[in-house]
Amino acid sequence: MGKQVRVSGCKAVAEAVKAANVDVIASYPIRPYTGTMVELARMVAEGELDAEFVHAEGEHAQLSVVLGASAAGARVFTGSAGVGVTYAFEVYSPTSGEFHPVQCMIANRTLDPPGDFGSEHTEAMATRDQGWIMGWAASPQEAYDNTLIYYRLGEDPRVMLPQFPCQDGYFVSHISGPVELADPGQVKEFLPEFRPARALDPRRPVIMGPQCHADQGAAIELGRAEAMRNAREIIPQVYDEFARIFGRRYDPFLEEYKTDDAEVVFFGQGAHTVPARLAADRLRAQGLKVGVVQLRFMRPFPTDAVAERLARFKVVGIIENSNSFGSAFDAGPLTAEVHASLYYAENRPQILTFLAGLGGENIRLGAYGEMARAMHAAAQAGRVGDGAGHVGEGAGRVGGGKHVFWLGFEPLGDAGVEHVAASEDGDGGSDGEGGGW
Amino acid sequence: MALQPNLIEVTVWYRGVVEGRLARQVTNSLADAAQTEGSYVQAFDNYTDLPDRVYVPCRSYARICPEPIAEPYTYVNSNPSLVVCTDAALVKGCNVLKGIDPGGTLIVNTRRDPEFVLGLVKDLPQKARLKKVATLDAGTAHQPNTPQGGIEGSTEKAGTMRTAAALLGAIAKVTGMVSLETLTKKAPAAAEMMAHGYAFVRELANPDYDPNDTASEAAEFGRRGKVDLIVPAPLPNGSQEGHITGNYRLQRPVVDQKICTACKICWVSCPDACITMVKDDEAAAAAAAAGEADGGLDGGADGAVPAAADGGGSAATGEKVKVNLKYCKGCGICWNVCPLKCIKPVDELDFAGGVVRITYSI
Amino acid sequence: MPETIKWLGSEAPTEVRIEGYQEIKNVKDAPDVEYYVPGHRTCAGCGPALAYRLTALASGKNTIFAGPTGCMYVANTSYLCGPWAVPWIHTQITNGGAVISGIEASYKAMIRKKKYDGEFPNIICFAGDGGSADIGLQALSGCMYRGHDVLFICYDNESYANTGIQTSPMTPYGAHTTFTPPGPVVPEGKKTFPKDLLKMVAAGHPAVKYLATASIAYPVDLMNKVRKALAHKGPTFMHIHAPCPKGWAFESSKTLDIGKLAVDTGMWTLYEIVNGQVKVNYAPRRRKPVAEYVQAQGRFGHLTPEMTERLQAFVDSKLAELGLLVPIPAV
C-alpha cells in the first residue's frame, strides 16, 4: 500500500516518472504541462531521481532528444502542450516508425487561435494518426497510473510504440486531488527495466531508419499497424496486472458509470467525464435514466468495445472537446470514430454531438442537464431532432435531423431548450447551480 | 504485353547525372514524334532511380500507344519492346533486358559490333526473347557544364542534340516505331545527326531468338511481408551486399604492381573504400587466387580480381594493391592521384570477367 | 595569431580536458579497419562519401553515427541497408544535434546507473550544410551550447545536393544551382555570400573548446582533427569541405583536385580553434587566383570577370582575417 498524497495532475506525473526510474528527460516550458518538468528538475537537483535532464531548445528538439536517448536504450520522458505539441510534429512518425517507446505527456491546451490557456483536446487529436498510443486521464490518480501503464504497454516487445498520456490542462493538471503513490516494490513488479532488443550499441551495430524503395514502404507500415493492433490486444492483460499489483481496477477501454439501466449516456474522455457523473446522479433524481461512458484509449481506438457496448443505449451524447474543421458532420475526431465504429452494429443508438468546452470553457452542471434533456427528447422521439441552429446550420443533417450542436451557441433540437450558456460568466439562462434543475 | 498488346514501352538506360539530359532527349523526342503521328504517349524517368548519382545506372522511359494508356501511373516499364543503352557497359553490368517483350530490340551506343553486345547478354531466357540487336557509335554523351539535378520529370529537349539525335535516327531505322521524317520535322537542327544514325546503325538478327517464346515475363509484384526498419550493420572491412556498385564503372583501374610503391595515396583517396593494401603475408595468397578470378552473374565472386588476372599483365607476385571490382565505381580518383601514374584506366568492356548485376529490384 | 579573433570563446570558464588522442603521422600510419564499407549509392567521385570514410577510419569501432537527411542518408541507405559497420541512426534534416544530445545523455545516464557496462562511445552527427547551417542550425546550436560530449561534423558540399542541387546558405556567391539559375534578370545566379558556420559556432558557444575546418584533399589532417575533436571532452565541431562532382559540375576523377584548388585559392582554409586560440594549419606557398577555381567548375561557367573579382574580394577579406592575405604571384 503506497503513500496517500494530495497533488495536481502535473505533480502526479512527475511522481510516476520518478517511480519509473526514467534515465533521460527533455524539457521545454509551455503551460500547462510545465509543472511536471519543474517538479522533475527539482527531483533531479535534489538527488531524488537519477536522470539526465536535458534543456531542449524547443519541442521539436525535446522529441528528438528522447528519440535518440531511447534508441540508445534509455527509458525517457518528455512532455508538452498546445502549440508545442504541433511544433514537434515532424518527429512523431519517425519515433513510432523506428519503434522507440518514448513517453510524451500532454497537458492539453488550445492551439492558436484561440491561444488561451484553456484545455482543449485539439492539439493532441491532431497527432492521432502518427502511431502513438494515446488516451486521457480524468484525475490526478489516473494521470499517475497512466504514466506507469503506458510505459508498461509501450515497452512491451510486441508493441514498442511511443505514448501520449494526456490530461486536460488546468482541470486535471493544476487542480489537486488524492493520489496513492506506489511503493517501489510494486513498480518493480509491474514495470521491468527497459531492455530493448536492439539499441545503438557499438558492440552490436544496427542501422536504424534507412531509406527504402517504394515497394518496401507498405511492408514497413504494416509493422507499425501490427504493433498498434497488438497493443489493443494486450491492454486488458496490462490492466489486470495493474489491478492485481496496485489494487485499482479500471475497465481497460470503456469505464461505465450507472449504465445498467441507462437509456442515454454521455460519452467522452478525460476531465469532462467527471462532472458528467455528478450530473447523471442529479438527473437520475429527476427520473432521467442517464449514464456515463468514459473512453480510455483514443489510440488504439477500441472499435469493437464501442460498437458492442454503445449499441444498447437509445442515445449517445458525445462530448466533443476537439475541432476537426470540415470533417464528417462538421464535428471532431471523436464523433467520426464513434460513428464509424457503430456502422456495422446491429442496433445503432441515436448519436448527438456536443461541441463543448472548446477554448477551455467550463462546462457547468447546468449544461450537462441541457444536454441530457436533448438526449432524452431524441430517445423519446426515436430520432435525432429537427431543430435548426444559427451556428453550423446544415451541419450534422446527414440521414436525419440535426445532431451536432455547438453548446451554448444554438438551441439543442427538440428538447425545447432555447438557450444554453456554458460559460461561467455567461448571460444567465440555465447557467449556474440553480438553473434548469 | 498481355494487359495492353498495342502498348510500346521504350526503356533508355543511362548513366546518372552525366547522361541524364541525353536520355531525356531520346525519350521525350520519341514521345513527341509519336504524338505527332497520332499516338497516346508518355515520357518520364524511373522515380526509384532518383535522385540520380554520377554514373549510377538509371532509366528513362517512353510509352507509345494507339489507344489511351491503361496503366499511366506506374514507376517502371515492365515489358519494354525497345531497350536503348547509352553505353555497352550497361549491358554488361545491369539486367537491361529484364522483362523484355518477345520479339524485342536492343540498341546500344558503342563503337563495338552487335555480335559483341549480344555476347554480353548472359541471361538465356531473356536472350531468347530478343529479336534484334543494333549498335551505333553515336559518340560520348556531352558532359554537362551546369549542375544537374532537380530536373526529374522535366520534358527538356534543350541544348544541341548530337548523340541523342543519332540514337533517334537509329531507333527509327531499326524499329520503325516513329518515322525519320517526323523526328526531323520536330528537330530540324538535328536532322544531320539523325540521318547519320539512320544510315550507320548496324543491325543483327539474334540467332538465339525463339519466335515460339511469346509469353511476356510476368511483372514482379513488390515483395510482401513485414519489413523491418532496423537492419544489421555490415562487418568492419566488409561490404554492403544490399547495393553492389561495380556496374557504375565504365573504366577499370589497372595497377602496374611493379611500379607501385604502396604509398597508399590511392587507398586514402577512394570514397568507396575499394582499394586495399596487400600485406606481405597476403601477397602469396592473392597470387594464387588470381588464376581463378572471373566473376559470374549477380555480383559474383569477382570482388578482388587482381588487375593482372584478365588485364593481360604479368603474374601477380609482388602485388601491393588490390581493387575491389565488385564495388569500384570507376570514378577515376585513384588514377588521377597516383603520384607515379601506375594506375591506368582501361575500358571495362575489354575484360571478359567482372559482370555484376544490380541486386535490388529492377 | 591575429589579434582580431582572439575573443572567440577564449575567456570562457569551462576547463579543457583531452583524453587519449593518438596522432596519425602520415598516410602509411593511418588506421586500416574500414567502418564505412563499400556498397553505397553515392556518386562516383563523391567528396562527402570520402569524408565519411575518413571520419569512420579515424573514429574506429566504439562510435555511433547519426545521419540527418541529405545525400549521406539517402544515397547511403537507398535500399534499406547501410554501409556503416558501427551503429547508425537516421535523423530528420532538422534535428541531428538534438538526437545526438539524446544519445549522449542516454549513455551518461546508463553508465552512471550501471545499465551499460561498455565504454562511453564516440557520438558523431554527420550532417550536410543544410542540416547544419540552415534548417539544422537550431539543433546544432542547442547541442553545442548544452555541452554534450559529442562531435558535430558538417560535410559541406555547398548545396542541397540530394534534392538536385538547390542553394543553401553555404553555396558560394555566383554558383549556379537549380534554385539560382543565372539569367538576364539575375546574371550572377547566387547573389549572396555564404554564412561563416565555424565562426558562428565558435563565437556563441562557450562550451565548445575545439573546432576545426578540414578538407578531403588533406586526409591525414582530417583524420587527426576527428581524433582531436573526439579526444576533447565536451562538444566539438568540424566543418569539412567536400567537393561534389554532381553539383559543382566537374569530372568525378577531379574531386581531390578541386579540394586542393579550394585551399590554394583561399576559397577554403584549414584551421583550428582550440580553446579560443586560432591555429592555421596550412598556408599555400603560392596562392592561386580564385579565377582558377571558378574556371574548373561548371557551376561558375556563367561568371563575368567582374563577378569573379567580387568573389576574389570576398576571399581576400576572409584570408586577411586569418593573416593569410599574401599577394597572388603573377602567372
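The values are calculated or read from the model by the stated rules, or taken from the named source; none is laboratory data. Please read all numbers here as calculations on a predicted model, not as lab measurements. Every residue, glycine as well, gets a Cβ built from its backbone with ideal geometry; the counts of neighbours run over all protein chains shown.
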Scan the range C:218-255 residue by residue and report those that are hydrophobic (A, V, I, L, M, F, W, C), more than 9 Å from every other protein chain (Cβ to nearest Cβ) and within 20 Å of C:Pro172 (Cβ to Cβ). C:Met238, C:Ile240, C:Ala242, C:Phe250
Going residue by residue through the range A:65-75, is there one that turns out to be surrounded by fewer than 24 Cβ atoms within 10 Å (Cβ to Cβ) and either of a type outside the set (S, T, N, Q) or in contact with a Pro (Cβ under 6 Å, 6 or more places away or on another chain) (or both)? yes
Considering each of B:Tyr55, B:Tyr73 in turn, give the residue that is among the aromatic types (Phe, Trp, Tyr), farther than 20 Å from B:Leu22 by Cα, assigned to a loop (DSSP other than H, G, I, E, B) and not assigned by TED's automatic domain parsing to the domain that holds B:Gly332. B:Tyr73
Answer yes or no: is there a residue in the range B:320-342 that is more than 14 Å from chain C (Cβ to nearest Cβ) and at pLDDT 95 or above. yes
Those residues of the range B:168-189 which are of a type outside the set (S, T, N, Q), in a helix (DSSP H, G or I), surrounded by 15 or more Cβ atoms within 10 Å (Cβ to Cβ) and at pLDDT 95 or above, in sequence order: B:Leu168, B:Gly169, B:Ala170, B:Ile171, B:Ala172, B:Lys173, B:Val174, B:Leu180, B:Leu183
Residue by residue through the range A:113-124, note down the ones that are within 20 Å of A:Ser327 (Cβ to Cβ) and surrounded by fewer than 22 Cβ atoms within 10 Å (Cβ to Cβ). A:Pro113, A:Pro114
Any chance you could count how many residues in the range C:201-210 are crowded, with 21+ Cβ neighbours inside 10 Å, in contact with a Lys or Arg (Cβ under 9 Å, 6 or more places away or on another chain) and of a type outside the set (D, E, K, R)? 1
Since C:Glu292 meets every condition but one in (1) surrounded by 24 or more Cβ atoms within 10 Å (Cβ to Cβ); (2) farther than 18 Å from C:Cys46 by Cα; (3) among the charged types (D, E, K, R); (4) in contact with a helix residue (DSSP H, G or I) (Cβ under 7 Å, 6 or more places away or on another chain), which condition does it not meet? (1)
Is it the case, given these coordinates, that B:Ile64 is among the hydrophobic types (A, V, I, L, M, F, W, C) and in a loop (DSSP other than H, G, I, E, B)? no
Going by the conditions given, is A:Ala72 within 22 Å of A:His174 (Cα to Cα), of a type outside the set (S, T, N, Q) and touching a Gly at 6+ places or on another chain (Cβ under 9 Å)? no
Being buried (at least 23 other Cβ atoms within 10 Å of the Cβ) and over 23 Å from A:Met208 (Cα atoms) is the requirement here; does A:Pro162 meet it? no
Can you tell which of C:Ala133, C:Ala175 is at pLDDT 95 or above, within 12 Å of another protein chain (Cβ to nearest Cβ) and outside any strand (DSSP E or B)? C:Ala175
If only one of B:Ala304, B:Ala285 is at pLDDT below 60 and surrounded by fewer than 23 Cβ atoms within 10 Å (Cβ to Cβ), which one is it? B:Ala304
Restricting the range C:96-128 to residues that are among the polar types (S, T, N, Q) and within 7 Å of another protein chain (Cβ to nearest Cβ), the one farthest from C:Ala161 (Cα to Cα) turns out to be C:Ser106
Examine the range A:360-382 for a residue that is at pLDDT below 85 and farther than 23 Å from A:Thr122 by Cα, and state whether such a residue exists. yes
Can you go through B:Gly222, B:Gly238 and tell me which one is at pLDDT below 80 and under 30 Å from A:His100 (Cβ atoms)? B:Gly222
Test A:Asp261 against the stated conditions and say whether it is surrounded by fewer than 18 Cβ atoms within 10 Å (Cβ to Cβ) and part of a helix (DSSP H, G or I). no
Residue that is free of Cβ contacts under 8 Å to residues at least 12 places away in the same chain and small (Gly, Ala, Ser), where the choices are A:Gly185, A:Gly169: A:Gly185
Report yes if C:Cys143 is within 14 Å of chain B (Cβ to nearest Cβ) and surrounded by 24 or more Cβ atoms within 10 Å (Cβ to Cβ), otherwise no. no
Of the residues that make up the range C:76-86, is at least one surrounded by fewer than 24 Cβ atoms within 10 Å (Cβ to Cβ), more than 15 Å from A:Ala26 (Cβ to Cβ) and more than 7 Å from chain A (Cβ to nearest Cβ)? no
Would you confirm, using the coordinates I've provided, whether A:Val5 is in a helix (DSSP H, G or I), in contact with a strand residue (DSSP E or B) (Cβ under 6 Å, 6 or more places away or on another chain) and in contact (Cβ under 8 Å) with a residue 60 or more places away in the chain? no
Hey, C:Ile93 more than 7 Å from chain A (Cβ to nearest Cβ) and either of a type in the set (Val, Ile, Thr) or surrounded by fewer than 24 Cβ atoms within 10 Å (Cβ to Cβ) (or both) or not: yes
Give me the residue from the range A:188-235 that is among the basic types (Lys, Arg) and closer than 17 Å to A:Leu67 by Cβ and, out of that set, farthest from the other protein chains (Cβ to nearest Cβ). A:Arg224
Which of the residues that make up the range C:64-75 are among the β-branched types (Val, Ile, Thr), at the interface with another protein chain (Cβ under 7 Å from one of its Cβ atoms) and in contact with a helix residue (DSSP H, G or I) (Cβ under 8 Å, 6 or more places away or on another chain)? C:Ile64
Tell me, please, whether a residue that is touching a Gly at 6+ places or on another chain (Cβ under 8 Å), in contact (Cβ under 8 Å) with a residue 12 or more places away in the chain and within 14 Å of C:Leu270 (Cβ to Cβ) can be found in the range C:191-201. no
For B:Val231, work out the one condition from (1) at pLDDT 95 or above; (2) farther than 24 Å from B:Lys320 by Cα it doesn't fulfil. (1)
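Yes/no per residue for (1) surrounded by fewer than 24 Cβ atoms within 10 Å (Cβ to Cβ); (2) in a helix (DSSP H, G or I); (3) assigned by TED's automatic domain parsing to the domain that holds A:Cys166:
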{"site": "A:Val13", "(1), (2), (3)": "no, yes, yes"}
{"site": "A:Ala16", "(1), (2), (3)": "no, yes, yes"}
{"site": "A:Ile25", "(1), (2), (3)": "no, no, yes"}
{"site": "A:Ile30", "(1), (2), (3)": "yes, no, yes"}
{"site": "A:Thr36", "(1), (2), (3)": "no, yes, yes"}
{"site": "A:Met43", "(1), (2), (3)": "yes, yes, yes"}
{"site": "A:Leu63", "(1), (2), (3)": "no, yes, yes"}
Among (1) closer than 18 Å to C:Ser159 by Cα; (2) surrounded by 17 or more Cβ atoms within 10 Å (Cβ to Cβ); (3) not β-branched (Val, Ile, Thr), which single condition is C:Pro181 missing? (2)
